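J.: Got a structure here, written out as structure tokens. Questions coming.
The values are calculated or read from the model by the stated rules, or taken from the named source; none is laboratory data. Since this is a predicted model, take the numbers as computed values, not measurements. Neighbour counts run over all protein chains shown; Cβ positions are idealised from the backbone, glycine included. Ligands, DNA and RNA are excluded from the accessible area calculation, which covers all protein heavy atoms including side chains. Shrake-Rupley method; radii C 1.70, N 1.55, O 1.52, S 1.80 Å.
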Amino acid sequence: MQLRNIEYFVALARERHFSRAAAACGVTQPTLSAGIGALEDDLGVRLVLRDRRFAGLTPEGEAALPWAQQMLADRAGLKEATETPLGGDISGLLRLGVIPAAMPVCGTLVAALRQLHPAVTVQIQSLTSREIDRALSGFEIDVGITYLDNEPLPDVIAATIYKEHYVFATPGHGPLAGRGSISWKEAVAMPLCLLAQDMQNRRILDSHLHGIGLAVHPVAMANSYAALLSMVRRGGLSCILPHTYAQTIAFDPDITLLPFDKPAGAQAVGLVVPNRHPSSIMARVALACVRSRQFHRAMIEIVYQPVAPTI
């Protein structure tokens with residue numbers, strides 16, 4: 001049984017398309033198909049449903065996939081361990097999945113990582129919390145940053161980075177300009193743009209509003225805070241944001257930021273790494289970084305500061 005054929009199988013399960021899987025593996029489509037066929041012969045079962053195109057995995061393929069992913073991850077871990085002498089400089093690629101709400105803290109994390117391990121390269125993907133769960137399970141990322149208390153991920157080691165609370169963003173020259181704060185009832189009565197409901201931040205917000213007897217009916221939805229802020233700046237809409245974004249727009253004259261007069265409960269956001277032994281070098285590097293004193297000092301300066309109204 002060749003690991004290369006296992007790699008073809010995992011790539012096809014991930015890409016769900018023969019041509020894309022072949023391109024990801026750097027081979028031709030016939031080579032990939034032949035490799036998967038050889039793997040099926042080795043195992044004595046059919047792994048892939050084929051028509052003219054990829055039609056899914058068989059039940060046997062679904063059962064085999066986690067083991068195939070584990071084998072490839074073990075190979076990568078073995079290679080990492082032999083390439084990094086004990087006490088030597090750590091290098092390699094750290095694959096990080098981050099919920100959109102936590103994107104503003106990525107710069108601080110990368111800066112701390114560069115201080116501790118200058119030879120480590122970071123690859124950041126914007127993922128929902130559910131996508132982070134799947135990507136960790138599938139060995140597609142090394143670590144994630146997501147909510148820790150609400151819909152907690154199973155079988156992970158977690159380290160809190162900060163506690164999230166909400167701020168209200170509204171057009172800088174709109175009817176709320178000059179206000180010092182806003183109530184939740186006033187906020188939901190405004191024309192709003194919010195995250196879509198497949199995003200955990202939105203589900204947390206909806207739950208909070210339900211708990212205080214309110215509901216929200218946004219005019220527009222998106223899965224990107226860049227899109228939401230564009231609609232505040234130019235679309236005449238308002239938005240309920242994580243306070244981490246306040247730092248990125250604090251001096252924007254087109255946006256007024258207001259704290260809520262009765263803040264919602266803060267949500268813990270943190271790093272999650274798979275609870276595996278042995279853990280990958282990159283998982284240990286990321287966990288040690290977010291637990292370091294210098295990282296927490298930088299985070300205090302950036303996201304722990306209370307948000308004052310911009311008037």
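J.: Here are some conditions: (1) at pLDDT 95 or above; (2) touching a strand residue (DSSP E or B) at 6+ places or on another chain (Cβ under 6 Å); (3) of a type outside the set (Ser, Thr, Tyr); (4) exposed (fewer than 15 other Cβ atoms within 10 Å of the Cβ). Residue 212 meets all but one. Which one does it not meet?
T.: (2)
J.: To continue, here is another question. Starting from residues that are among the charged types (D, E, K, R) and free of Cβ contacts under 8 Å to residues at least 40 places away in the same chain, keep the ones in segment 260-286 and report whichever is farthest from residue 103 (Cα to Cα). Before the answer, list the steps.
T.: Pass one, segment 260-286, residues among the charged types (D, E, K, R): 261-262, 276, 284.
Next cut, free of Cβ contacts under 8 Å to residues at least 40 places away in the same chain only: 276, 284.
Working: 276: 26, 284: 21 Å.
Among residues in segment 260-286 that are among the charged types (D, E, K, R) and free of Cβ contacts under 8 Å to residues at least 40 places away in the same chain, the one farthest from residue 103 (Cα to Cα) is 276.
J.: Has segment 254-271 got any residue that is at pLDDT 90 or above and either assigned to a helix (DSSP H, G or I) or polar (S, T, N, Q) (or both)?
T.: For segment 254-271, residues at pLDDT 90 or above and either assigned to a helix (DSSP H, G or I) or polar (S, T, N, Q) (or both): present.
J.: Check residue 179 against each of (1) basic (Lys, Arg); (2) part of a helix (DSSP H, G or I); (3) under 30 Å from residue 251 (Cβ atoms) and name the one condition it does not meet.
T.: So residue 179 meets the others, but not (2).
J.: Okay, moving on. Let me confirm something: among 64, 38, which residue is surrounded by fewer than 18 Cβ atoms within 10 Å (Cβ to Cβ), touching a residue at least 12 places away in the same chain (Cβ under 8 Å), assigned to a helix (DSSP H, G or I) and in contact with a helix residue (DSSP H, G or I) (Cβ under 9 Å, 6 or more places away or on another chain)?
T.: None of the others qualify; the one that does is 38.
J.: Checking the condition touching a residue at least 40 places away in the same chain (Cβ under 8 Å), closer than 30 Å to residue 215 by Cα and assigned to a loop (DSSP other than H, G, I, E, B), which residue from 140, 151 passes?
T.: Within the list 140, 151, the selection yields 151.
J.: Limited to segment 260-275, what total is found for residues that are open to solvent by less than 30 Å² (accessible area, probe 1.4 Å) and not hydrophobic (A, V, I, L, M, F, W, C)?
T.: First pass over segment 260-275, keeping only residues open to solvent by less than 30 Å² (accessible area, probe 1.4 Å): 260, 264, 268-274.
Now restrict to residues that are not hydrophobic (A, V, I, L, M, F, W, C): 270, 274.
The total comes to 2.
J.: Could I ask something else about it? For segment 189-199, which residues satisfy the criterion of being under 29 Å from the mean Cα position of the chain (by Cα) and either over 19 Å from residue 229 (Cβ atoms) or acidic (Asp, Glu) (or both)?
T.: Result: 197, 198.
J.: Residue check: is residue 4 closer than 17 Å to residue 65 by Cβ, basic (Lys, Arg), open to solvent by 20 Å² or more (accessible area, probe 1.4 Å) and without any contact (Cβ under 8 Å) to a residue 60 or more places away in the chain?
T.: Values: closer than 17 Å to residue 65 by Cβ: yes; basic (Lys, Arg): yes; open to solvent by 20 Å² or more (accessible area, probe 1.4 Å): yes; without any contact (Cβ under 8 Å) to a residue 60 or more places away in the chain: yes.
Yes; evaluated as a whole, the condition is true for this residue.
J.: Being part of a loop (DSSP other than H, G, I, E, B) and open to solvent by 30 Å² or more (accessible area, probe 1.4 Å) is the filter; apply it to segment 41-61 and report the residue that is nearest to residue 17 (Cα to Cα).
T.: 53
Here's the yes/no breakdown for (1) at positive phi; (2) assigned to a helix (DSSP H, G or I); (3) of a type in the set (Phe, Trp, Tyr):
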site: 227; (1), (2), (3): no, yes, no
site: 247; (1), (2), (3): no, yes, no
site: 251; (1), (2), (3): no, no, yes
site: 273; (1), (2), (3): no, no, no
site: 296; (1), (2), (3): no, yes, no
site: 299; (1), (2), (3): no, yes, no
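J.: Only residues that are among the aliphatic types (A, V, I, L, M) and in contact with a strand residue (DSSP E or B) (Cβ under 6 Å, 6 or more places away or on another chain): list them for segment 119-141, please.
T.: 120, 122, 124, 127, 132, 135, 136, 141
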